[in-house]
Amino acid sequence: YYTFMNDTNFKYWVAGFIAGEGYFGYGTYKKGVNSGKNWAQLSITLNKNDSDILYEIQKILEGTIYLQNSKNAIRFCIQKRSSLLKLIKFCDTYMYDCNKNKQYIEWKKKILESNYLKEKDIHIQNN
């Protein structure tokens, strides 16, 4: 993947990969200690034989990689607020004109409206 691309092309490739395989999630915990609190994430799940792709993406976007229970799958997930800010900067820069862009825009709107992340933090992160 990365070996034959320069850094900028690889970032556009990652944005395209997110568009094809990524899931932008947002919701409110219903039970437990976090009941009533909001959550947001990007996740990408692949066959564990393709784990090297997720490790390359992790180098750019941080996040956590873990094996799925009882599946032949591996998941990359971004949930920490600081990593979500980095993800937003990345998506605003590299992900446009693709089918996932509408989902991303709605996701970003929800997390800003709920104050899960604040607009000012995104602008600070972009500078």
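The values are calculated or read from the model by the stated rules, or taken from the named source; none is laboratory data. For clarity, every value in this text was computed on a predicted model and none was experimentally measured. Cβ atoms come from the backbone with ideal geometry, glycine included; neighbour counts cover every protein chain shown.
Sort through Tyr116, Tyr96 and tell me the only one that's modelled with pLDDT under 85 and either surrounded by fewer than 15 Cβ atoms within 10 Å (Cβ to Cβ) or touching a Lys or Arg at 6+ places or on another chain (Cβ under 6 Å) (or both). Step through it out loud before you land on a result.
Working: Tyr116 fails: either surrounded by fewer than 15 Cβ atoms within 10 Å (Cβ to Cβ) or touching a Lys or Arg at 6+ places or on another chain (Cβ under 6 Å) (or both).
Exactly one residue qualifies, and that residue is Tyr96.
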For this session: Being within 12 Å of the chain's Cα centre (by Cα) and among the hydroxyl-bearing types (Ser, Thr, Tyr) is the filter; apply it to region 44-91 and report the residue that is nearest to Asp7 (Cα to Cα).
Result: Ser83
Exercise. Taking region 44-89, which residues are surrounded by 18 or more Cβ atoms within 10 Å (Cβ to Cβ), closer than 15 Å to Ala19 by Cα and not aliphatic (A, V, I, L, M)?
Worked result: Phe76, Cys77
For this session: Say whether the condition of being modelled with pLDDT of 90 or more, farther than 17 Å from Tyr104 by Cα and hydrophobic (A, V, I, L, M, F, W, C) is met by at least one residue in region 68-75.
Result: yes
For this session: Output the residues belonging to region 41-76 that are small (Gly, Ala, Ser) and either in contact with a Cys (Cβ under 8 Å, 6 or more places away or on another chain) or within 15 Å of Phe90 (Cβ to Cβ) (or both).
Result: Ser43, Gly63
